[in-house]
Amino acid sequence: MAAAAAGATPSQTVGPFFGFGLCIRPHHELVDPGRADALRLKGCVLDGAGEPVFDAMVEIWQADAQGGHRDGFGWGRSGTDGDGRYAFVTVKPGGDGAPFITMLIFARGLLKPLMTRIYFPDEPVNASDPLLAALTEDERAGLTAVAENGAMRFDIHLQGDRQTTFLAL
Amino acid sequence: MSRPAIERVGDGERASVHPLYLSPEYRSTRLRAPDRPLVLLPESMHDPTGPVYSDGPLAETDSDLTRQHDGEPLGERIIVTGTLRDASGRPVPGSLIEIWQANAAGRYIHQRDQHPAPLDPNFTGAGRVLTDADGRYRFTTVKPGAYPWRNHANAWRPAHIHLSVFGRAFTERLVTQMYFPGDPLFSADPIFNSVRDPAARDRLISQFDWETTTEEWALGFRFDIVVGGRDATPSEA
């Protein structure tokens, strides 16, 4: 089949000027912030020099509180601000196994997205997660959000000694 | 206690059509490319689900960037169309494609683009469309201009339109740039040339298309998109 022979379209950077195209509609609140189980998820994107990445965009994909994707639930997008900060309002994913949120990071200087996972602290089921189990203690800590002022904080270090563990796409 | 084994792979060790994270000639990659191996999730841990875009119905003006203001933008009116397919050649229907671009003078409306070229009060440069049942999409816009950037001395980006494609699984997300045929700036552009395989690089260049070109109205360009999924490799001849 001729159609089957077509090769994949290569990735290119999102560049510095995506905000007016991709972040003009708010997509960072996956649930009503007033909801009792609303979870504030926030963090910074930092480069290899520890400087904030002010022109990044992060996207998340996760199950809902019951562990599914009812009504198309589960996707969110947040640009970073001048201090490299992103923020979402969502819920902790439910279902079997360790809860986690998948995250993609796009930025000027990233020629293809980075993928990682956000796990939650103090979850006994984390011990049985196959990815966490295969990582070193430092790597595990890097993929686990930290409770901070009623929110969950998850920073992304693109490069260097504290680099976040990224998953091959 | 020993940990279960998990495969780790250096970015450069994988066959892929995509650029490497570290492409030093594109200066911004130097402090942003990860320098540790990536974790390869075993097949059993892949998530086959992907976001369904739900933001209400799209407006017709979402896919016609020349009709978003009171007047018409300056520049060459163009129609960009193509088919979105997966790696096995199947059309991908109902997928959101978002685009953004500079105006005909090469200026983005973004506040951080301050180079001396005029903004166009009748052009924002952002649009979106859903692929139809056959995976097809179509935009009307104006041809973007080339513009300077500060990557190296006398650096200019070839004219391009940015596209963001959802695909069907979260791992099929694709953000890319569509270029125009015959651009003299290709050979000096580190972003275009970050794609190492020449055949794959050529797939970033749209084709002028008489069939889409509309008499007395607009030039047509064809840009087919293939979302390859994981470890997509260049097609073997």
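Please treat every number below as a calculation from the coordinates, not as lab data. Bear in mind the structure is a predicted one, so any value in this text is a computation, not a measurement. When we count neighbours, we look across all protein chains shown, and the Cβ atoms used for this are built from the backbone with ideal geometry, even at glycine.
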Positive-end residue, region B:10-227 charge dipole about Cα centroid, Cβ charges, pick of B:P34, B:L20, B:L130: B:P34
For B:Y147, the residues 5 or more places away or on another chain with a placed amide H closer than 5 Å to its own amide H are B:R157
Rounded to whole angstrom, the alpha-carbon centroid of region B:92-128 lies from that of region A:69-90 at a distance of 23
If amide H atoms are built 1.01 Å from N in the plane of the peptide, which residues on other chains or at least 5 residues away come under 5 Å of the amide H of A:G67? A:G94, A:G95
Tell me which residues come under 5 Å, amide H to amide H, from B:G220 once H is placed; ignore anything under 5 positions away on its chain. B:I79, B:D209, B:T213, B:T214
Share of Cα-Cα pairs in region B:119-237 beyond 21 Å, whole percent, is 48
HN-Hα J couplings of region B:195-201 from phi, Karplus 6.51/-1.76/1.60, θ = phi - 60°, integer Hz, Gly and Pro as x? 7, 7, 7, x, 5, 5, 4
Total charge dipole magnitude, region B:1-85, about the Cα centre, Cβ charges on Lys, Arg, Asp, Glu only, Debye to nearest 20: 580
Of B:G145, B:S194, B:Q207, which is farthest on the positive side of the dipole of region B:79-237, counting Cα position, with +1 on Lys and Arg Cβ, -1 on Asp and Glu Cβ, and the Cα centre as origin? B:S194
Counting other beta carbons within 10 Å of each residue's own, what order do A:H27, B:H160 fall into, fewest first? A:H27, B:H160
Expressed to two decimals, chain A has a Cα Rg over Rh, using the Kirkwood radius, of 0.98
Magnitude of the Cβ-charge dipole (Lys and Arg +1, Asp and Glu -1) of region A:1-75 about the Cα centre, nearest 20 debye, reported as 120
For n ≥ 4 DSSP H runs only, could you compute -39500 (n - 2.57) per run for chain A, divide by its residues and tell me the 222 nm figure to the nearest 500? -1500 deg cm²/dmol
Cut-off is 10 Å between beta-carbons; in what order do B:V80, B:V195, A:V89 appear when sorted fewest neighbours first? A:V89, B:V195, B:V80
For region A:109-169 the mean separation of alpha carbon contacts under 8 Å (6+ apart) over residue count, i.e. relative contact order in percent, is 41
Might you report the magnitude of the Cβ-based charge dipole of region A:87-162 about its Cα centre, with Lys and Arg at +1 and Asp and Glu at -1, to the nearest 20 debye? 420
How much FRET efficiency would the formula 1/(1 + (r/R0)^6) give for B:H46 and A:E148, where r is the Cβ-Cβ distance and R0 is 41 Å, rounded to 0.05? 0.85
How large is ³J(HN,Hα), in whole Hz, for each residue of region A:62-70 in order, when computed from phi with the Karplus curve 6.51 cos²θ - 1.76 cosθ + 1.60 and θ = phi - 60°, using x for Gly and Pro? 8, 7, 7, 5, 9, x, x, 10, 4
A correct Karplus calculation of ³J(HN,Hα) over region B:118-131, with 6.51 cos²θ - 1.76 cosθ + 1.60, θ = phi - 60°, whole Hz and x for Gly and Pro, returns x, 6, 10, x, 9, 9, 8, x, 10, x, 7, 8, 9, 5
Percentage relative contact order, chain A, counting C-alpha pairs under 8 Å, at least six apart: 25
